[in-house]
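*Asks:* Sharing a structure with you now.
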Amino acid sequence: MKRLYFEIIIDAPAEKLSKVMLDKDSYQQWTYEFNPGSFYEGSWDQGAKIAFVGISKEGKKEGMSGHIKTHVPNKEIVIEYDGVIEKGKERTEGADIEKWIGACESYRFESEGNATHVYVTTDTPEEYEDYFEKTWPKALNKLKQICEI
């Protein structure tokens, strides 16, 4: 498992950034870079189950499932992954799933005047490292664009 780090400064207060980042409609906009049909199911409440999904070419849901390990509004969110969604069903067991179990993704927000410094940390199997190294900056730039309107 490889830990990747990304950061960006967004010219918006943390309250606005959090709202835009987590709102179902704007979430789909900034995560378009990962999958044009990205959306989430579940809740961002601490302890809640959440799934990050897209629709495959076959019309089935696919993605990751997990739970919100930490959510301090406008300050920090930590997601811990528990499984994958394949062909519309959640799987939490199997050799190919084990590489994702326990992987975390975190967002930390630090206010800097009227702007917010966003720090993203994500765990990923090494075979996905190049993909995330290219895609996360694009997604964060899209989030910045939406927040700064």
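The values are calculated or read from the model by the stated rules, or taken from the named source; none is laboratory data. Since we're looking at a predicted model, the values are computed, not measured. Neighbour counts are summed over all protein chains in view; Cβ atoms, including those assigned to glycine, are modelled from backbone coordinates with ideal geometry. Ligands, DNA and RNA are stripped out before the accessible areas are found, and what is left, the full protein with its side chains, is counted by its heavy atoms. Shrake-Rupley method; radii C 1.70, N 1.55, O 1.52, S 1.80 Å.
*Asks:* Within segment 78-90, which residues are more than 29 Å from Val118 (Cα to Cα) and open to solvent by less than 80 Å² (accessible area, probe 1.4 Å)?
*Replies:* Glu86, Gly88
*Asks:* In segment 45-62, what count of residues is obtained for those that are over 11 Å from the mean Cα position of the chain (by Cα) and open to solvent by less than 30 Å² (accessible area, probe 1.4 Å)?
*Replies:* Selection size over segment 45-62: 3.
*Asks:* Filter segment 111-140 down to residues that are open to solvent by less than 30 Å² (accessible area, probe 1.4 Å) and more than 24 Å from Glu15 (Cβ to Cβ) and give me whichever is farthest from the chain's Cα centre (by Cα).
*Replies:* It comes out as Pro125.
*Asks:* Shifting gears a bit: Could you list, in sequence order, the residues of segment 63-77 that are open to solvent by 20 Å² or more (accessible area, probe 1.4 Å) and over 14 Å from Thr31 (Cβ atoms)?
*Replies:* Selection gives His67, Lys69, Thr70, His71, Val72, Pro73, Asn74, Lys75, Glu76.
*Asks:* Here's a follow-up. With (1) over 21 Å from Lys2 (Cβ atoms); (2) part of a helix (DSSP H, G or I); (3) of a type in the set (Val, Ile, Thr); (4) out of contact with any helix residue (DSSP H, G or I) (no Cβ under 6 Å at 6 or more places or on another chain) as the list, and Ile85 as the residue in question, which single condition is left unmet?
*Replies:* Answer for Ile85: the failing condition is (2).
*Asks:* Which of the numbered conditions does Arg108 fail, given that it passes all the others? Conditions: (1) under 14 Å from the mean Cα position of the chain (by Cα); (2) under 13 Å from Phe6 (Cα atoms); (3) open to solvent by 30 Å² or more (accessible area, probe 1.4 Å); (4) in contact (Cβ under 8 Å) with a residue 60 or more places away in the chain.
*Replies:* The single condition Arg108 does not satisfy is (4).
*Asks:* Under the condition of being part of a helix (DSSP H, G or I), in contact with a strand residue (DSSP E or B) (Cβ under 9 Å, 6 or more places away or on another chain) and not hydroxyl-bearing (Ser, Thr, Tyr), which residue from segment 94-138 is farthest from Tyr81 (Cα to Cα)?
*Replies:* Going through the qualifying residues, I end up with Pro137.
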